[in-house]
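Rule-based calculations on the coordinates, nothing more; no lab input. Note that the coordinates shown come from a computational prediction; the quantities given were computed from them, not determined experimentally. Neighbour counts are summed over all protein chains in view; Cβ atoms, including those assigned to glycine, are modelled from backbone coordinates with ideal geometry.
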Number of protein chains: 2
Amino acid sequence: MSSSFGCALCAQDGGTLVWYGKVLRVVHVEEAGFPGYYRVIWNAHVAEFSELSDEARAACMAAVVCVERALIEHLQPAKVNLAALGNMVPHLHWHVIARFEWDMHFPNAIWGPAQRPRDLEQEAVVRAQLEATHADIRAALVKAETPDG
Amino acid sequence: MSSSFGCALCAQDGGTLVWYGKVLRVVHVEEAGFPGYYRVIWNAHVAEFSELSDEARAACMAAVVCVERALIEHLQPAKVNLAALGNMVPHLHWHVIARFEWDMHFPNAIWGPAQRPRDLEQEAVVRAQLEATHADIRAALVKAETPDG
């Protein structure tokens, strides 16, 4: 168990809030060159994915899947990248990132070396879809949180 | 849906086989500087995590958790990193990587810039635990595949 004292994701949302639920939240991340970059953040301070119960893990990955599906539908990425690293901030958060063949780092990880300059025109096309993407993420997560509702 | 034609993970194991199950396999990856590096590879050719059914996703993440728990118990890493990227090989595979404060890239992602040289002595200490780690992964996955057995 890591300490929550001084944890950035206990103190702050960690991005622009798209959805705040009972156990997790979804934020959009402002990262230059990656307009379709989201995080699914577990609200409680937990370091490792395997510390969650089976039920909590299922809820966590269901939210990751809601975000991934919205990205695929609205942004048509070449690939979606999922990652829970937490080396710097050991508070469980999933990176969910729409990747495109034109993005700076493709096919490298976004943490790897850049391959080309930014394509601001293509980024703007993605940005124009974000509002609809966020609306769909929210709708899917409302549904996921109230399966009988 | 991506094509399985020419897919490296359809043609090969993708590492040293630790476990081969009905729907997925676990391999140990020989990556210089990262002795505690595993992959959970979905046997069928599927590109995105969200293409799996709820049941398949649960089985997949249960295997990821089996590997993560074995790494935590046997290798005492500073953090476990999980990632499903697939930009180069779009066949669902989860990287499960034990990270250490002494490893070349910590706290960066392993795909990011190196911070220091390799520590071969520390790596050897980890390597000495791999046989026991593999045995535990296998035992946990046998149990996960036959819950009533």
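Just a few scattered comments:
- Note on the stretch A:26-97: Rg/Rh from C-alpha atoms, Kirkwood Rh, equals 0.97.
- Calculated mean residue ellipticity at 222 nm for chain A: -10500 deg cm²/dmol, from DSSP H runs with n ≥ 4 weighted as -39500 (n - 2.57), summed, divided by the residue count and rounded to 500.
- Cα-based equivalent ellipsoid of chain A: semi-axis lengths in Å, sorted from largest, via gyration tensor: 26, 19, 13
- Relative contact order (%) - criterion: Cα under 8 Å, at least six apart; region: the stretch A:39-93: 58
- Exposure proxy shown here: for B:THR133, A:THR16, the number of other Cβ atoms within 10 Å sets the order, fewest to most, as A:THR16, B:THR133.
- Ascending list, in nanometres, of distances separating the B:ALA144 label from those of the other copies (7 Å, Cα toward Cβ): 2.0
- Highest-MSF residue in chain A out of A:TRP19, A:TRP94, A:TRP102 [GNM, Cα springs under 10 Å]: A:TRP102
- For chain B, the longest site-free run once GluC sites (Glu not before Pro) in DSSP loop states with at most 16 other Cβ atoms within 10 Å are removed: B:32-100
- Distances between equivalent label points of B:CYS7 across the copies, with each point positioned 7 Å along Cα→Cβ, amount to 3.6 nm, shortest listed first.
- Helix runs (DSSP H) in chain A reaching 24 Å along axis by Cα, Kyte-Doolittle at least -1.0: A:54-75
- Net +/- balance of residues flanking B:THR16 in space, Cβ distance below 14 Å, scoring K and R +1, D and E -1: 0
- Annotation: cysteines of the protein assembly as shown without a disulfide-compatible partner (Cβ-Cβ under 4.7 angstrom) are A:CYS60, A:CYS66, B:CYS60, B:CYS66.
- With Cα atoms defining each centre, the stretch B:28-61 and the stretch A:51-126 are spaced 16 Å apart in the structure.
- Based on Cα contacts under 8 Å between residues 6+ apart, the stretch B:1-142 shows a relative contact order of 25 percent.
- Residues in the stretch A:41-49 carry Karplus couplings, in order, of 10, 5, 5, 6, 7, 10, 8, 10, 3 Hz; the curve used is 6.51 cos²θ - 1.76 cosθ + 1.60 with θ = phi - 60°, and Gly or Pro positions show x.
- Ordered by the count of other Cβ atoms within 10 Å of each Cβ, fewest first, B:TYR37, A:TYR20 give A:TYR20, B:TYR37.
- Per residue of B:100-109, other chain Cβ atoms within 10 Å of the residue Cβ number 3 on average.
- Shown for A:MET104, B:MET61: other C-beta atoms within 10 Å of each C-beta, ranked fewest to most, produce the order A:MET104, B:MET61.
- Here the scattering of the protein assembly as shown is modelled by Debye summation over its C-alpha atoms, one equal scatterer each and no solvent; at q = 0.07, 0.09, 0.15 Å⁻¹ the log10 of I(q)/I(0) is -0.25, -0.43, -1.29.
- Alpha-carbon Rg with Dmax, taken over the stretch A:1-67, Å: 12.4, 35
- Label spacing, shortest first and in nm, from B:MET88 to its equivalents in the remaining copies (7 angstrom along Cα→Cβ): 2.4
- Residue mean of other protein chain beta carbons inside 10 Å, B:75-85: 6
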